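The values are calculated or read from the model by the stated rules, or taken from the named source; none is laboratory data. Please read these numbers as outputs of a predicted model, since none were measured by experiment. Quick reminder, even Gly has a Cβ in these numbers, built from the backbone with ideal geometry, and neighbours come from all protein chains shown. In case anyone asks, the SASA skips ligands and DNA or RNA and just uses the protein heavy atoms, side chains included. Shrake-Rupley method; radii C 1.70, N 1.55, O 1.52, S 1.80 Å.
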Amino acid sequence: MTKIVIIDDHQLFREGVKRILDFEDSFEVIAEGDDGSDALSLYEQYVPEVMLMDINMPRKNGVEATAELLAKYPEAKVIMLSIHDDESYVMHALKTGALGYMLKEMDADAIIQAIKVVAAGGSYLHPKVTRNLVAEFRRLSERENKGSFHQSEIRRPFHLLTKRECEVLQLLTDGQSNRTIGETLFISEKTVKNHVSSILQKMNVNDRTQAVVTAIKNGWVEVR
């Protein structure tokens, strides 16, 4: 059973997330808080596997609360919840130590998947956030090369992945969700999940974000 604490200053949002998580037999929401100042005491009282933390709260925001929590309990696993997909928010949250960053527009499958990945020790970014980070990677590369950024020839990793898996990896880099990948490739969402699991195993990485970063570094995907 994965024990979860939700901290968000909007009660209706907390209730909505809790209803989603209640449908997952392996999840249990054991406590809720309405401000980042609750994070440390709730963690010490309940020791959850995952904490869902709103990034913007009135008294102590999620970034401050996460920094305080991890300073004392570095093993704590935090997923940040936000309405902001700007890379500056994402990088700030990740530098603080959060293992996940989810947009509040997420669907039920995405939040369930994020919790499972983070509980298992991985990291998870909302697909839209991944797309923005890739765009920022390209922008910085262009700056370093004084506006003359040209990606070297794409070398698809056919020695490691199947043709279909290479297609899925490219769409992950584009920031597509499992559902959108399925619609693009005319396959079911379950088949997409199976391909993603196979990609992670073959690439020896823990999560989608690591797979995308590795693929970019090796020139296996287009940065577009």
Percent accessible area from carbon and sulfur atoms, the chain, protein chains only, probe 1.4 Å: 49 percent
Given a 1.4 Å probe, the accessible area of the chain per residue, as a whole number of Å², is 51 Å²
What is the sum of charges around Ala67, taking Lys and Arg as +1, Asp and Glu as -1, for the other residues whose C-beta is under 11 Å from the C-beta of Ala67? +1
Please report the net charge: other residues with Cβ closer than 14 Å to the Cβ of Gln210, K and R +1, D and E -1. +2
Take the chain, connect every pair of alpha-carbon atoms lying under 10 Å apart with a spring to form a Gaussian network, then pick out the residue of Glu167, Glu49, Glu32 with the largest mean-square fluctuation. Glu167
Among Asp207, Asp85, Asp38: highest mean-square fluctuation, GNM of the chain, C-alpha pairs under 10 Å: Asp38
Going from most exposed to least, what order do Ile181, Ile216 have by accessible area with a 1.4 Å probe? Ile216, Ile181
Flagged links, alpha-carbon separation over 26 Å, of Lys190/Lys217; Lys18/Lys193; Lys95/Lys163; Lys72/Lys128; Lys3/Lys193; Lys18/Lys190: Lys190/Lys217; Lys95/Lys163; Lys72/Lys128
Net charge dipole size for the stretch 2-135 [Lys, Arg +1 and Asp, Glu -1 on Cβ; Debye, nearest 20]: 340 debye
Of all trypsin sites (Lys or Arg not before Pro) in the stretch 45-125, the ones in DSSP coil with at most 13 other Cβ atoms within 10 Å are Arg59
